[in-house]
1. Which numbered condition trips up residue 52, out of (1) surrounded by 10 or more Cβ atoms within 10 Å (Cβ to Cβ); (2) of a type in the set (A, V, I, L, M); (3) free of Cβ contacts under 8 Å to residues at least 12 places away in the same chain?
2. In this structure, is residue 31 exposed (fewer than 10 other Cβ atoms within 10 Å of the Cβ), within 30 Å of residue 2 (Cβ to Cβ) and at pLDDT 90 or above?
3. Taking residue 18 as the residue in question, decide whether it is surrounded by 10 or more Cβ atoms within 10 Å (Cβ to Cβ), charged (D, E, K, R) and not in a strand (DSSP E or B).
Amino acid sequence: MTMINIHQAKTHFSKLIDAAMKGEEVIIAKAGKPLAKLVPILLDKPQRKPGALKGKIRISKDFDAPLPSDILDQFEGK
């Protein structure tokens, strides 16, 4: 963890960004009191790649066929 005062942060901002991107925790302080933490923004979700499961899964031909009446009755609470 690196704690740096505001004036030094202004002077070395690019270096602090690089340090945060490498996983270092950078704390910006004023008069020795921590005020802010500099952290990288990480993507929440990985990029999707169409066709990634091609050949790995199979959907049956009757996938969207109507349900049998006994199962349909259970869904409808009958």
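The values are calculated or read from the model by the stated rules, or taken from the named source; none is laboratory data. Every value quoted in this text rests on a predicted model; they were computed, and no experiment measured them. Here Cβ is always computed from backbone atoms with ideal geometry, including for glycine, and neighbour counts include all displayed protein chains.
1. In the conditions (1) surrounded by 10 or more Cβ atoms within 10 Å (Cβ to Cβ); (2) of a type in the set (A, V, I, L, M); (3) free of Cβ contacts under 8 Å to residues at least 12 places away in the same chain, residue 52 misses (1) alone.
2. Working: exposed (fewer than 10 other Cβ atoms within 10 Å of the Cβ): yes; within 30 Å of residue 2 (Cβ to Cβ): yes; at pLDDT 90 or above: yes.
Answer is yes for this residue.
3. Numbers: surrounded by 10 or more Cβ atoms within 10 Å (Cβ to Cβ): yes; charged (D, E, K, R): yes; not in a strand (DSSP E or B): yes.
Yes, satisfied.
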